[in-house]
Amino acid sequence: MSESITNGVALALFLYFITAQAASAYVDPSTGSYFVQILVAGLVTIGFTFKTAWRHLKAACCKGKVCGEPQQTEEAANSLPQHVANEQQSPDAG
């Protein structure tokens, strides 16, 4: 019963849209710029959402480590030039 109702509604919508005539309507120039504004805002929102989700996922996977950067070993720290090693051990307070 419900399948026949769904099919009937789908058929009615299909026939409505296939037989619709073109509307002779005026579109104000500000309406076009409004649609562009909505499109840009949507794209920015999607980009920000993916960026935030990526940061959360990256933080969850790394758990305290710096992701994407190799960890410096003690041997590598000892092989640095003396002025660089001094800066890493005691940064200037001023």
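The values are calculated or read from the model by the stated rules, or taken from the named source; none is laboratory data. Keep in mind the model is a prediction, meaning the values are calculated, not measured. Here the Cβ is made from the backbone with ideal geometry for all residues, glycine too, and neighbour counts use every protein chain on show.
Here are the numbers:
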| item | result |
| --- | --- |
| Ala77 vs. criteria more than 23 Å from the chain's Cα centre (by Cα), part of a helix (DSSP H, G or I) and at pLDDT 85 or above | no |
| Test result for Thr52, at pLDDT 80 or above and surrounded by 10 or more Cβ atoms within 10 Å (Cβ to Cβ) | yes |
